[in-house]
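Structure record follows, encoded as structure tokens.
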């Protein structure tokens, strides 16, 4: 595997418009090298019989029966709006004929 050079770190920093000093460039080069070494280790793992997944824990939807219920707070909700007409909110016209 090729080593990450300081020049490559400088180039990426320039593209990302980051100002890095010499210590930061050296630090980032070392960290990137370690990351690439870890990826090389991961590539060696046999994943042939491992099913694809999108998350570590399985998530399932919780369903409930859809039931119609009477809501008693309609009047309170309508009073929260800036304007109303009967049992509806009144809004400005946005579509011209």
Scanning the stretch 34-60 for residues that are modelled with pLDDT of 90 or more and under 25 Å from the mean Cα position of the chain (by Cα), which turns out farthest from residue 4 (Cα to Cα)? 42
Given the criteria touching a strand residue (DSSP E or B) at 6+ places or on another chain (Cβ under 6 Å) and either farther than 19 Å from residue 4 by Cα or at pLDDT 90 or above (or both), does residue 73 qualify? no
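Rundown of residues vs (1) closer than 30 Å to residue 89 by Cα; (2) within 29 Å of the chain's Cα centre (by Cα); (3) surrounded by 10 or more Cβ atoms within 10 Å (Cβ to Cβ), yes/no style:
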position: 5; (1), (2), (3): no, no, yes
position: 22; (1), (2), (3): no, no, no
position: 26; (1), (2), (3): no, no, yes
position: 69; (1), (2), (3): yes, no, no
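Of 18, 32, 78, which residue is surrounded by 10 or more Cβ atoms within 10 Å (Cβ to Cβ), free of Cβ contacts under 8 Å to residues at least 40 places away in the same chain, out of contact with any helix residue (DSSP H, G or I) (no Cβ under 6 Å at 6 or more places or on another chain) and part of a loop (DSSP other than H, G, I, E, B)? Give the steps one after another, and end with the answer.
On the way: 32 fails: part of a loop (DSSP other than H, G, I, E, B); 78 fails: part of a loop (DSSP other than H, G, I, E, B).
Testing whether each residue is surrounded by 10 or more Cβ atoms within 10 Å (Cβ to Cβ), free of Cβ contacts under 8 Å to residues at least 40 places away in the same chain, out of contact with any helix residue (DSSP H, G or I) (no Cβ under 6 Å at 6 or more places or on another chain) and part of a loop (DSSP other than H, G, I, E, B) leaves just 18.
The values are calculated or read from the model by the stated rules, or taken from the named source; none is laboratory data. In this text the structure is predicted, and so the values were computed from the model without any measurement. Every residue, glycine among them, receives a Cβ derived from its backbone with ideal geometry; neighbour counts consider all protein chains shown.
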